[in-house]
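Worksheet: one structure, shown below.
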Amino acid sequence: MNYVVTSQKFNNEICALTSQIEVLKAKRDQAQHNTKDCLTSLPPEQIDALHTTIAQNERVKRDLELAMHSKLATALGQVNGKAWANTICADRLIALAQEFEELLDAHGIKVKNRAGTLVRYRPGGKKASRAQIGRSITTFVVLRRVHDGWRLIHAQRDYCYINQRAFRDVIVRPAAHEDIIRHATRGFRAGGEHSTQSLVA
């Protein structure tokens with residue numbers, strides 16, 4: 001199993017298409033606004049061509065988004081079956097990948113050292129105010145950070161119990177672990193009792 005969850009290349013393609021669509025729409029709107037001005041207006045066939053190009057770019061963008069999303073949805077659907085309440089769907093998996101990326105960033109891991117990170121995750125059980133017994137079907141996933149984003153490398157059906165906490169296990173490479181230690185100890189340095197007394201005196 002190796003499905004794209006997030007990809008910088010994909011994001012760049014979507015951003016480029018979005019920018020092109022915005023530029024074309026602005027050009028079309030200006031042309032339609034200036035229809036009475038012979039010097040700045042465009043011929044009707046050029047305005048029609050702008051409409052067509054905008055529609056084509058929007059279709060390409062939508063197809064790109066659907067292609068990646070549908071592969072994830074199919075893979076997770078095979079694992080989850082008819083269960084849905086406590087499972088991980090494609091949208092939730094993409095959101096989780098973004099959360100994990102923010103987690104790496106918050107702990108000071110450099111982008112170049114993030115590749116190779118593994119995250120094992122299972123959602124928590126539903127909340128209940130009173131002690132209850134019961135379990136729900138959920139999804140256990142393993143994601144790997146690669147150079148341009150996250151990949152789903154494993155997914156299986158699992159169970160979570162009422163009020164059970166979510167399970168998350170993050171495994172990083174040694175270089176990333178060094179980044180975490182460096183980030184956590186920034187502004188601190190080790191010193192003995194004699195050195196601290198001399199600083200106070």
³J(HN,Hα) computed for each position of the range 81-95 - Karplus, 6.51 cos²θ - 1.76 cosθ + 1.60, integer Hz, glycine/proline x: x, 7, 5, 8, 4, 10, 8, 9, 9, 4, 4, 5, 5, 4, 5
Quick one: pull the percent of accessible area on the range 1-125 belonging to carbon and sulfur, 1.4 Å probe, ligands and nucleic acids left out. 54
Return the single residue from ALA128, ALA90, ALA190 with maximal mean-square fluctuation; model: Gaussian network over the chain, springs between Cα atoms under 10 Å. ALA190
Local net charge near ALA67, Cβ-Cβ under 14 Å (Lys/Arg +1, Asp/Glu -1): +2
What span do the alpha-carbon atoms of the range 102-142 cover on each of the three principal axes, reported in whole Å from largest to smallest? 46, 19, 9
For the chain, set up a Gaussian network in which alpha carbons nearer than 10 Å are linked by springs, and say which option among GLU65, GLU13, GLU45 fluctuates the most. GLU45
What trypsin sites (Lys or Arg not before Pro) in the range 102-156 are in a loop by DSSP, with at most 14 other Cβ atoms within 10 Å of the Cβ? LYS110, LYS127, ARG130
Once all Cα-Cα distances of the chain are split into 5 Å bins that start at 0, what whole-number percent is in each one? 1, 6, 11, 11, 11, 10, 10, 8, 7, 7, 6, 5, 3, 2, 1, 1, 0, 0
Å² per residue, accessible surface of the range 1-121 at 1.4 Å: 62
In terms of Cα to Cα distance under 22 Å, which lysines are near enough to LYS82, apart from those fewer than 8 places away along the same chain? LYS71, LYS126, LYS127
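Give the percent of DSSP beta bridges with both residues in the chain that are antiparallel, rounded to the nearest 5.
100
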Note down the accessible area of GLU22, probe 1.4 Å, to the nearest 10 Å². 120
Mean-square fluctuation check for the chain, GNM, Cα pairs under 10 Å: which of LEU118, LEU17, LEU96 is largest? LEU17
The range 79-195: radius of gyration over Cα atoms, expressed as a fraction of 2.2 N^0.38 Å: 1.35
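The values are calculated or read from the model by the stated rules, or taken from the named source; none is laboratory data. Just so you know, these numbers come straight off a predicted model, no measurement behind them. We place every Cβ from the backbone using ideal geometry, glycine too, and count neighbours over all the protein chains shown. Just so you know, the surface numbers come from the protein's heavy atoms only, side chains and all, with ligands and any DNA or RNA stripped out. Shrake-Rupley method; radii C 1.70, N 1.55, O 1.52, S 1.80 Å.
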